[in-house]
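Worksheet: one structure, shown below.
What follows is calculated from the coordinates using simple rules that are stated; it is not laboratory data. In this text the structure is predicted, and so the values were computed from the model without any measurement. Quick reminder, even Gly has a Cβ in these numbers, built from the backbone with ideal geometry, and neighbours come from all protein chains shown.
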Amino acid sequence: MELGWLVCGTAVLLLLHVLMELSPAVNFALRIGFYCVLCLVSSALAAAACLLVNGGRTVKNMRIIKAVVKTFKYFFGLRFEVKGLENFEVEGPAIIVSNHQSILDMMGLMEILPDNCVQVGKKELMYTGTVGLIIYLGGVIFINRKSTSSAKMVMAEVAKTMANENLKVWVYPEGTRNCTGDLLPFKKGAFHLAVQAQVPVIPVVYSSFTTFYNPKTKLFTSGKIKVEVLPPIETKGLTSDDVTDLTDRCFCTMRETLFRLSGRPSEAKDSS
Ligand SMILES: CCCCCC/C=C\CCCCCCCCCC(=O)SCCNC(=O)CCNC(=O)[C@H](O)C(C)(C)COP(=O)(O)OP(=O)(O)OC[C@H]1O[C@@H](n2cnc3c(N)ncnc32)[C@H](O)[C@@H]1OP(=O)(O)O
Ligand SMILES: CCCCCCCC/C=C\CCCCCCCC(=O)OC[C@@H](O)COP(=O)(O)O
């Protein structure tokens, strides 16, 4: 009986392996499916740990989430090469902004997440079962992207509480996932928040995933991700009139870094 199960299990695994070798679409679907299952199962276990250790919704739970998610990269053959971590060592709160390519970004986020840091996420993420629960328990700030005024109100509230709670806030200023190897124009919410709270902006750039991950061509193999934490940009003394300039400066620096880390010639070099 047990031998029968063993033979069946081995046959299924072999079949999956052959299918994955033969078809990139099957390989992609299975790997993404596995990522989602891993997230859902780990979230359930981590949620129990968070409730037992910290009793409810608090940024302290991010330490538990980070410890769990940092192991995921081994399942997918991903390696991170990180530079500039010392730039997180600012005194007090800060806004961290980074590029957002895929749901796989959660691994890159947790690889370097500083203490006392929560992310801004779309409210729909609350309804992803155990993943929603763990994100809630971690203290993620939920915004309604369909309502600019309510998103602005939530962000203004965060600007007020950041200092009291010594919080760093991680925002994806592109506002959505973008896996093209370039940046989408930045939304200004993160920069308004930094100016309102008078705290520095710390840009973080992840190299393009396109060499090992591309949902359009169903590519998903192992790969290396270069990460660079850039020096903080001060906002002391800036007002809302300076937000556009601050956004543009940050965008240009991050785009240049993205191209450099991804081995793609920058626009300036293109035109020369
Ligand atoms: C244990 C195992 C677990 C395994 C799984 C889990 C793993 C880890 C779990 C933890 C981690 C979870 C992390 C979750 C990450 C989620 C990522 C996302 O969801 S990304 C999507 C959501 N985020 C964003 O959208 C942020 C970026 N967007 C913005 O900043 C936007 O500006 C906005 C959302 C605030 C508003 O957007 P929109 O309605 O489109 O309006 P705009 O065009 O951007 O702005 C209109 C004008 O308003 C001005 N503005 C914007 N913000 C402000 C403000 N705060 N104060 C004043 N004014 C503001 C803006 O300048 C525009 O005016 P203009 O005159 O045109 O300049
Ligand atoms: C009972 C309901 C069950 C629902 C099951 C849902 C399954 C989801 C399971 C695992 C998914 C793992 C996701 C990890 C968190 C990813 C956060 C993220 O990257 O969100 C995307 C968001 O930034 C931008 O969204 P869009 O690009 O605008 O779209």
Next on the checklist: In the chain, once you exclude exposed GluC sites (Glu not before Pro) (DSSP loop, at most 11 other Cβ within 10 angstrom), what's the longest stretch remaining?
Outcome noted: 92-272
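Over the Cα atoms of the stretch 1-105, compute the convex hull volume and normalise it per residue, giving Å³.
Working: hull volume 17.0 nm³, N = 105.
Each residue corresponds to 161 Å³ of Cα convex hull volume.
What translational D, rounded to a whole number of µm²/s, comes out for the stretch 40-96 from Stokes-Einstein when the hydrodynamic radius is the Kirkwood one over Cα pairs, at 37 °C and 0.692 mPa s?
Numbers: Rh = 13.7 Å.
In µm²/s, the coefficient rounds to 240.
Taking the stretch 113-153 on its own, what percent of its Cα-Cα pair distances exceed 16 Å? Mind showing how you got there, number by number?
On the way: 309 of 820 pairs.
Counting every Cα pair in the stretch 113-153, those more than 16 Å apart make up 38 percent.
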Next on the checklist: With both bridge residues required to lie in the chain, what share of the DSSP beta bridges run antiparallel, to the nearest 5%?
Outcome noted: 25
Next on the checklist: Show me, for the stretch 164-179, the HN-Hα J-couplings you get by feeding each phi into the Karplus relation (A = 6.51, B = -1.76, C = 1.60, θ = phi - 60°), rounded to Hz, glycine and proline as x.
Outcome noted: 4, 9, 6, 8, 9, 10, 9, 10, 9, x, 6, x, 6, 6, 8, 10
Checklist outcome for this item: Set Lys152/Lys218; Lys168/Lys216; Lys168/Lys226; Lys60/Lys122; Lys60/Lys216, cut-off 32 Å on Cα-Cα distance; pairs above it are Lys152/Lys218; Lys168/Lys216; Lys60/Lys216
Next on the checklist: Using a Debye calculation, one point per C-alpha and no hydration shell, please list log10 I(q)/I(0) for the stretch 180-272 at q = 0.24 Å⁻¹ in order.
Outcome noted: -1.17
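Would you work out the charge dipole size for the chain about its Cα centre, treating the Cβ of every Lys and Arg as +1 and the Cβ of every Asp and Glu as -1, and quote it to the nearest 20 debye?
480
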Item to check | nm² value of the averaged projected area, convex hull over the Cα atoms of the chain | outcome: 17.4
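At most 15 other Cβ atoms within 10 Å and a DSSP loop assignment: could you name the chymotrypsin sites (Phe, Trp or Tyr not before Pro) in the stretch 17-110 that fit? Display every interim value, and only then the final one.
Numbers: sites: Phe28, Phe34, Tyr35, Phe72, Tyr74, Phe75, Phe76, Phe80, Phe88; in loops: none.
Hits after loop and neighbour filter: nothing returned.
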Checklist outcome for this item: In deg cm²/dmol, rounded to the nearest 500, the helical mean residue ellipticity at 222 nm of the chain, built from -39500 (n - 2.57) for every DSSP H run of length 4 or more, is -15500 deg cm²/dmol
Next on the checklist: I need the trypsin sites (Lys or Arg not before Pro) found in the stretch 90-169, filtered to DSSP loop residues with at most 10 other beta carbons within 10 Å of theirs.
Outcome noted: Lys146
Item to check | For the stretch 2-145: relative contact order, % (alpha-carbon pairs under 8 angstrom, 6 or more apart) | outcome: 31
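Neighbouring Cβ atoms within 10 Å as the yardstick, rank Met110, Met153, Met62 fewest first. Intermediate results must be reported in sequence, preceding the final value.
On the way: Met110 18, Met153 13, Met62 23.
The fewest-first ordering by Cβ neighbours comes to Met153, Met110, Met62.
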